[in-house]
1. Among the residues of the stretch 56-74, is there at least one that is touching a helix residue (DSSP H, G or I) at 6+ places or on another chain (Cβ under 9 Å) and modelled with pLDDT of 95 or more?
2. Hey, can you tell me all the residues within the stretch 1-13 that are in contact (Cβ under 8 Å) with a residue 40 or more places away in the chain, in contact with a strand residue (DSSP E or B) (Cβ under 6 Å, 6 or more places away or on another chain) and of a type outside the set (A, V, I, L, M, F, W, C)?
3. Looking only at the stretch 3-36, count how many residues are closer than 30 Å to ASP51 by Cα, in a loop (DSSP other than H, G, I, E, B) and either out of contact with any Phe, Trp or Tyr (no Cβ under 7 Å at 6 or more places or on another chain) or of a type in the set (Gly, Ala, Ser) (or both).
4. What are the residues in the stretch 5-56 that are β-branched (Val, Ile, Thr) and loosely packed, with under 10 Cβ neighbours inside 10 Å, if any?
5. Being aliphatic (A, V, I, L, M) and touching a strand residue (DSSP E or B) at 6+ places or on another chain (Cβ under 8 Å) is the filter; apply it to the stretch 14-64 and report the residue that is farthest from THR4 (Cα to Cα).
Amino acid sequence: MKKTYLVGVREVHVRHYSVQAENEEEAKDLVHQRADSVVDCEFSEYSHELDRDTWSVEEVPDKDDSRGQHSEDAQP
């Protein structure tokens, strides 16, 4: 008999910030410090998945519903 599992796949996303700086290294430093001049663009994008050894897996318990229907589906 098969069981149901919930698998959590770890993903990396890239978040974008805007900042005025003299050069790229200063821009990185300012963002790292979250300086007052740093603006969160509130935009992120998917980058990649982490390796399977970082994923989580948990078994989802079976629902014991002897009536064969969910309580919200039951007729009065």
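The values are calculated or read from the model by the stated rules, or taken from the named source; none is laboratory data. Predicted model, so just to flag it, every value in this text is computed and none were measured. Note that we place each Cβ from the backbone using ideal geometry, even for glycine, and neighbour counts take in every protein chain shown.
1. So far as the stretch 56-74 goes, no, none of its residues is touching a helix residue (DSSP H, G or I) at 6+ places or on another chain (Cβ under 9 Å) and modelled with pLDDT of 95 or more.
2. Those that are in contact (Cβ under 8 Å) with a residue 40 or more places away in the chain, in contact with a strand residue (DSSP E or B) (Cβ under 6 Å, 6 or more places away or on another chain) and of a type outside the set (A, V, I, L, M, F, W, C): LYS3, THR4, TYR5, GLY8.
3. Matching residues across the stretch 3-36 total 2.
4. From the stretch 5-56, those β-branched (Val, Ile, Thr) are 7, 9, 12, 14, 19, 31, 38-39, 54; that's our starting set.
Listed by number, the residues that qualify are VAL7, VAL12.
5. Looking only at the stretch 14-64, we keep the residues that are aliphatic (A, V, I, L, M), and these are 14, 19, 21, 27, 30-31, 35, 38-39, 50, 57, 60.
Now narrow it down to the ones that are touching a strand residue (DSSP E or B) at 6+ places or on another chain (Cβ under 8 Å): 14, 19, 31, 38-39, 50, 57, 60.
Working: VAL14: 31, VAL19: 46, VAL31: 42, VAL38: 45, VAL39: 43, LEU50: 23, VAL57: 10, VAL60: 5 Å.
By that ranking, first place goes to VAL19.
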